[in-house]
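See below for the structure under consideration.
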Amino acid sequence: MQTHPRYLGALMATVPDILRHRTCLYVGAHPHDGMSFVPELREAGYRLTIIEAHGPNVKIIGGMLRDSEEILHADLRTWQPAQKFDLALWWHGPEHLPMGDREACLEKIDACSTSWTIAAGPWGCYPQGAADGNPFQAHVSELEPEWFQERGWCAQTVGQRSVPGGQVVAWRKK
């Protein structure tokens, strides 16, 4: 499954050289949605390292990886980075953390990146409980572009606030 063209198009328009690097830390690739961006990143030649907190997803994703890729079973709140990556991608993840944990995790992910850090998620209020038996999928906070901008990030929105498909996409270049 390829990434929805609307999301890929928005990302490529704002971060045009995203597919020109070699290593990627991908936080929270979801095995039940085709692992958004994984096909595109692979096609561009990235070596992927995926962090996933939910044990059953770790097993599923582990079975989908290529030999040069790895998965780390870790919760961002306690994970300690051991390496650097050209790109750090946290696609649909910040909304799964309470506001008090979000900033520290975003800083940790950003510190791993040598070129770009990208974070995205639903824009505004988008209620969701645990999904596919995964308690980490519950939405416990809302994303607004201003939250990223106040921290020195670029951010844009796609779609409408608090409507399915509405996104905040934020990025930072080193």
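The values are calculated or read from the model by the stated rules, or taken from the named source; none is laboratory data. These numbers were taken from a predicted model, which means no experiment stands behind them. Neighbour counts run over all protein chains shown; Cβ positions are idealised from the backbone, glycine included.
Residue by residue, here is whether (1) among the basic types (Lys, Arg); (2) farther than 18 Å from Thr49 by Cβ; (3) touching a Phe, Trp or Tyr at 6+ places or on another chain (Cβ under 9 Å) holds:
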site: Ser68; (1), (2), (3): no, no, no
site: Thr117; (1), (2), (3): no, no, yes
site: Pro122; (1), (2), (3): no, yes, no
site: Ala131; (1), (2), (3): no, yes, no
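Show the residue pairs meeting these rules: Cβ distance below 9 Å; 6+ apart or different chains; first residue within the range 48-77 and among the hydroxyl-bearing types (Ser, Thr, Tyr); second residue assigned to a loop (DSSP other than H, G, I, E, B) and surrounded by fewer than 20 Cβ atoms within 10 Å (Cβ to Cβ).
As it stands, the answer is Thr49/Glu69; Thr49/Gln83, since those pairs meet every condition given.
Could you look through the range 111-141, keep only residues that are assigned to a helix (DSSP H, G or I) and modelled with pLDDT under 90, and pick out the one that is surrounded by the most Cβ atoms within 10 Å (Cβ to Cβ)?
Gln137
So Ala74 ticks every box in (1) touching a strand residue (DSSP E or B) at 6+ places or on another chain (Cβ under 8 Å); (2) surrounded by 19 or more Cβ atoms within 10 Å (Cβ to Cβ) but one. Which box is left unticked?
Here Ala74 meets the rest and fails (2).
Failed condition for Asp86, given (1) surrounded by 16 or more Cβ atoms within 10 Å (Cβ to Cβ); (2) over 19 Å from Glu40 (Cβ atoms); (3) not small (Gly, Ala, Ser), with all others met?
(2)
Pick from Glu144, Glu103, Glu107: which is on the phi < 0 side of the Ramachandran plot, surrounded by fewer than 17 Cβ atoms within 10 Å (Cβ to Cβ) and without any contact (Cβ under 8 Å) to a residue 24 or more places away in the chain?
Glu107
Given the conditions (1) buried (at least 18 other Cβ atoms within 10 Å of the Cβ); (2) within 19 Å of Gln137 (Cβ to Cβ), and given that Glu69 satisfies all but one, which numbered condition is not satisfied?
(2)
When residues of the range 44-53 are filtered for being more than 15 Å from the chain's Cα centre (by Cα) and either surrounded by fewer than 22 Cβ atoms within 10 Å (Cβ to Cβ) or within 13 Å of Ala29 (Cα to Cα) (or both), how many remain?
3
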